[in-house]
């Protein structure tokens, strides 16, 4: 059986640094090229998926897919500022499909234009808050870590919601360019974690409340190994973010939420939040290699002006659901 994936935090930081190196100084989108967000839209009846990927140089790749008919549209839309508002800089290029192929396809460009203008008008407030809402004819809900337009959803009826986000490996990455809906995961084997004597361990000066269920070979990575060699894993790594070109914990959180190599990020149930001064996220991830969902809990702790510790715990979601209080007590 495969195990819940949790990459070494230092290796993940290096991956994020590589992403940061590609961020350009475009006039409109202060974004990392290759990041994307995909939305499920049922506002007009039939279900459709609308994806936005930042291609660099103020250009968006926009893809729609309609599961009922299989209709697909892929556009490249360059943007420019006109009178202080983002507008198409030149005619959109149709890369696949036809803009008049369906009612849903015909709505794609006007929809993205509305979203882009609304985000741009409120971008400073959006980026200054963990979450933000704009009440207009359409009630926009934003979260700072979501790629491209920061849009989480519209309204509160669930008809327009973020379903996944990430970073494309290349122009063949099926997670964006062939997305047809979320996978149907299978449950991993679960069990109730027995109560054992508490123990406190120290990693990089942080004191962590564990118990006898956790074992370690090196005093840095701790595992629970009841049904498999790694039912759950906990680790801490401490890095100098500024040496890596990352400004602060908030920027690190933004990057960590979308750097899901070879896995599918599941927006439903995932969240970014604060506990005191600490940045946290809870992330659900579908792994095609196992067909199952894992959860990752991470807290980013700024130790001083130079060093930041990343404490992360991962396990199969089925195990987490049965033992949520046990795992939450480690991270939070």
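The values are calculated or read from the model by the stated rules, or taken from the named source; none is laboratory data. Remember, predicted model here, so these are calculated numbers, not experimental data. No Cβ is skipped: glycine too gets one built from the backbone with ideal geometry, and neighbour counts run over all protein chains shown.
Tell me whether the range 82-92 contains one or more residues that are under 26 Å from residue 258 (Cα atoms), in contact with a strand residue (DSSP E or B) (Cβ under 6 Å, 6 or more places away or on another chain) and part of a strand (DSSP E or B).
yes
Which of the residues spanning the range 306-332 are free of Cβ contacts under 8 Å to residues at least 60 places away in the same chain and in a loop (DSSP other than H, G, I, E, B)?
Within the range 306-332, just 332 meets the criteria.
Hey, any hits in the range 136-157 for a residue that's within 23 Å of the chain's Cα centre (by Cα), exposed (fewer than 13 other Cβ atoms within 10 Å of the Cβ), farther than 25 Å from residue 85 by Cβ and not assigned by TED's automatic domain parsing to the domain that holds residue 252?
Yes, the range 136-157 contains at least one residue that is within 23 Å of the chain's Cα centre (by Cα), exposed (fewer than 13 other Cβ atoms within 10 Å of the Cβ), farther than 25 Å from residue 85 by Cβ and not assigned by TED's automatic domain parsing to the domain that holds residue 252.
So residue 147 passes all but one of these: (1) in contact (Cβ under 8 Å) with a residue 40 or more places away in the chain; (2) assigned to a loop (DSSP other than H, G, I, E, B); (3) more than 30 Å from residue 279 (Cα to Cα). Which condition number does it fail?
If we test residue 147 against (1) in contact (Cβ under 8 Å) with a residue 40 or more places away in the chain; (2) assigned to a loop (DSSP other than H, G, I, E, B); (3) more than 30 Å from residue 279 (Cα to Cα), just (3) comes out false.
If a residue has to be more than 20 Å from the chain's Cα centre (by Cα) and at pLDDT 85 or above to count, how many in the range 244-276 make the cut?
Summing the residues that are more than 20 Å from the chain's Cα centre (by Cα) and at pLDDT 85 or above in the range 244-276 gives 1.
Does residue 51 satisfy the condition of being over 26 Å from the mean Cα position of the chain (by Cα) and either without any contact (Cβ under 8 Å) to a residue 40 or more places away in the chain or closer than 23 Å to residue 265 by Cβ (or both)? Write out each step before concluding.
On the way: over 26 Å from the mean Cα position of the chain (by Cα): no; either without any contact (Cβ under 8 Å) to a residue 40 or more places away in the chain or closer than 23 Å to residue 265 by Cβ (or both): yes.
Here the answer is no, as residue 51 does not meet what is asked.
Here are the criteria: (1) under 22 Å from residue 235 (Cβ atoms); (2) at pLDDT 90 or above; (3) in contact with a strand residue (DSSP E or B) (Cβ under 7 Å, 6 or more places away or on another chain). Tell me which single one residue 188 does not satisfy.
(2)
With 327, 282 as the choices, which residue is surrounded by fewer than 19 Cβ atoms within 10 Å (Cβ to Cβ) and either at pLDDT 95 or above or in contact with a strand residue (DSSP E or B) (Cβ under 6 Å, 6 or more places away or on another chain) (or both)?
Values: 327 fails: surrounded by fewer than 19 Cβ atoms within 10 Å (Cβ to Cβ).
Selected residue: 282, the only one of 327, 282 that is surrounded by fewer than 19 Cβ atoms within 10 Å (Cβ to Cβ) and either at pLDDT 95 or above or in contact with a strand residue (DSSP E or B) (Cβ under 6 Å, 6 or more places away or on another chain) (or both).
Is it fair to say residue 112 is touching a residue at least 40 places away in the same chain (Cβ under 8 Å) and either in the same structural domain as residue 148 (by TED's automatic domain parsing) or touching a helix residue (DSSP H, G or I) at 6+ places or on another chain (Cβ under 9 Å) (or both)? Can you show your working first?
Values: touching a residue at least 40 places away in the same chain (Cβ under 8 Å): yes; either in the same structural domain as residue 148 (by TED's automatic domain parsing) or touching a helix residue (DSSP H, G or I) at 6+ places or on another chain (Cβ under 9 Å) (or both): yes.
Taking the combined requirement at face value, the residue satisfies it.
Restricting the search to the range 161-193, which residues are in a strand (DSSP E or B) and either exposed (fewer than 13 other Cβ atoms within 10 Å of the Cβ) or touching a helix residue (DSSP H, G or I) at 6+ places or on another chain (Cβ under 6 Å) (or both)? Before you say what the answer is, go through the steps one by one.
At the first step, the residues of the range 161-193 found to be in a strand (DSSP E or B) are 161-167.
Within the range 161-193, 165, 166, 167 qualify.
Quick one: in the range 117-144, of everything that is outside any strand (DSSP E or B) and in contact (Cβ under 8 Å) with a residue 60 or more places away in the chain, which residue is farthest from residue 253 (Cα to Cα)?
Applying the first criterion (outside any strand (DSSP E or B)) to the range 117-144 yields 117-130, 136-138, 144.
Right, trim to in contact (Cβ under 8 Å) with a residue 60 or more places away in the chain and you get 120, 130, 144.
Details: 120: 22, 130: 11, 144: 10 Å.
Out of the qualifying residues, it is 120.
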